[in-house]
Amino acid sequence: MPLPVTLEDIERAAKAIEGAVLRTPLLPARHLDEITGTSIFVKYENLQDTNAFKERGALNKLLSLSAEERAKGVIAMSAGNHAQAVALHATRLGIPAVIVMPLNTPHVKVAATENYGATVVLAGETVDDAREEADRLSKEHGYTWVHPYDDSYVIAGQGTIALEMLEDMPELDVLVVPIGGGGMISGMAIAAKAKKPSIEIIGVEAVLFPSMHNALSGKERPAGGNTLAEGIAVRRVGALTKEITSELVEDIILVSETQIEQAVNAYLTQQKTIAEGAGAAGLAAVMAQPERFRGKKVGLVLCGGNIDPRLLTSIMLRELVRSGNIISIRCTIPDRPGILGEISTLIGGLGGNILEVSHHRLFLDVPAKGATLDVTIETRGSTHAATIIKALEDNGINVAHLASADLRN
């Protein structure tokens, strides 16, 4: 049975969007090679105008509309990158666009979508609620749906990513692609398998949202939760994308929230580029299972870079805790003059930098003549941190790690 999208569809999409969507670079990532023990090549879709790959499929769909459909306008449902992609290119083409977003969508995303020229309607508490409102408005006003993933034109547009990757690096052995609704991996798999049948296609989902994994395996792992990879946090995959993925994708790897955090941090610190959680999912899979990819040339799609700067800062700090570069300890000490100076002198003498100190006298689990001292210390790494802790203990100070130690897991 033929698939609903062909290589010819994707090649037509490539010509249609040429010049309006950036042909992003595919570059070697030698620092990531050292972390994973493989040869990684990154496709930087975070360099698009909206900082995400969604422009490809959205524009290809918009270009397929008749004059009558353009005049009536389009509607989309999205809380993120798809909304901005539709808004940008619909405005550029003179097509009225309505984007329905859940009520709890962050204001920065609503503002960005409006700034691209779309009319934003806030409706419902969930994405499914927003979809129902978009359906209603579409029927009422005759808007054309621009679906985020389950549309043949959208799938073809996303497939242009793989065309470019294999043009730039024909030697790629495997593509590791994030999966939300499945539009990107479907288009990429069709293009890549047609150009190079031997290439392996591996999908990646957040363990909290294993929707395609469930759909293909028949399992019923729970889907839901507060994931860093909200861009691929989809409960229901598309009918078209399920069909294509089941036919062409070899496997789906599920990655944890910690693994996604570590991949976001690796992109930032090693490649000096910004990835949102969904954008880093492919790297998270390779870092989680490096032996699976060892000796292969691996193509990754950094599919989006829209992440809250405060969240990015938090991820960086959490990674410093995991690596032992920042430690938080609780010292049980005698309550006598000079003890704080002695401790700070000891830590400073060993090269530790005290970031924060909190002194408590009223905790009931220490003697009345004692106290606790919570200290956050910047170190040169876990070995250096262990040296500081041993020195404190050798000087008669009881030391316990605080809850931040749990982040190492």
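The values are calculated or read from the model by the stated rules, or taken from the named source; none is laboratory data. From a predicted model like this one, the values you see are computed outputs, not experimental measurements. Every residue, glycine among them, receives a Cβ derived from its backbone with ideal geometry; neighbour counts consider all protein chains shown.
Among the candidates K15, K54, which residue alone is modelled with pLDDT of 95 or more and within 22 Å of P170 (Cβ to Cβ)?
Checking each option against the conditions leaves just K15.
Name the single residue that is farthest from S66 (Cα to Cα) among those in the stretch 146-165 being of a type in the set (V, I, T) and not in a loop (DSSP other than H, G, I, E, B).
Among those residues, the one meeting the criterion is I161.
Could you pull out the residue among L65, L26, L59, L47 that is within 18 Å of M188 (Cβ to Cβ) and out of contact with any helix residue (DSSP H, G or I) (no Cβ under 7 Å at 6 or more places or on another chain)?
Just a single option satisfies the conditions, and that option is L47.
Considering only residues that are under 15 Å from the mean Cα position of the chain (by Cα) and of a type in the set (S, T, N, Q), which ones fall in the stretch 223-254?
Residues satisfying the conditions are N226, T227.
For residues that are part of a helix (DSSP H, G or I) and of a type in the set (A, V, I, L, M, F, W, C), tally how many sit in the stretch 291-321.
The total comes to 8.
For (1) polar (S, T, N, Q); (2) under 17 Å from V298 (Cβ atoms), each residue gets a yes or a no:
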{"position": "D128", "(1), (2)": "no, no"}
{"position": "P148", "(1), (2)": "no, no"}
{"position": "S152", "(1), (2)": "yes, no"}
{"position": "A156", "(1), (2)": "no, no"}
{"position": "E164", "(1), (2)": "no, yes"}
{"position": "V174", "(1), (2)": "no, yes"}
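Considering only residues of the stretch 208-222 that are buried (at least 18 other Cβ atoms within 10 Å of the Cβ) and assigned to a loop (DSSP other than H, G, I, E, B), which is farthest from the chain's Cα centre (by Cα)?
P210
Only one of these is among the small types (G, A, S), assigned to a strand (DSSP E or B) and in contact with an Asp or Glu (Cβ under 9 Å, 6 or more places away or on another chain): G203, G180. Name it.
Residue meeting the stated conditions: G203.
If only one of L254, L240 is touching a residue at least 60 places away in the same chain (Cβ under 8 Å) and surrounded by fewer than 23 Cβ atoms within 10 Å (Cβ to Cβ), which one is it?
L240
Among (1) in the same structural domain as V237 (by TED's automatic domain parsing); (2) assigned to a helix (DSSP H, G or I); (3) within 27 Å of T91 (Cα to Cα), which single condition is S138 missing?
S138 satisfies every listed condition except (1).
Hey, which of the helices (runs of 4 or more DSSP H) in the stretch 1-102, taking only ones fully inside, have at least 3 residues that are closer than 24 Å to A162 by Cα?
Helices (runs of 4 or more DSSP H) meeting the threshold: 7-17, 30-36, 55-63, 81-92.
State whether one or more residues within the stretch 144-160 are free of Cβ contacts under 8 Å to residues at least 12 places away in the same chain, out of contact with any Pro (no Cβ under 8 Å at 6 or more places or on another chain), surrounded by fewer than 18 Cβ atoms within 10 Å (Cβ to Cβ) and over 20 Å from M212 (Cα atoms).
no
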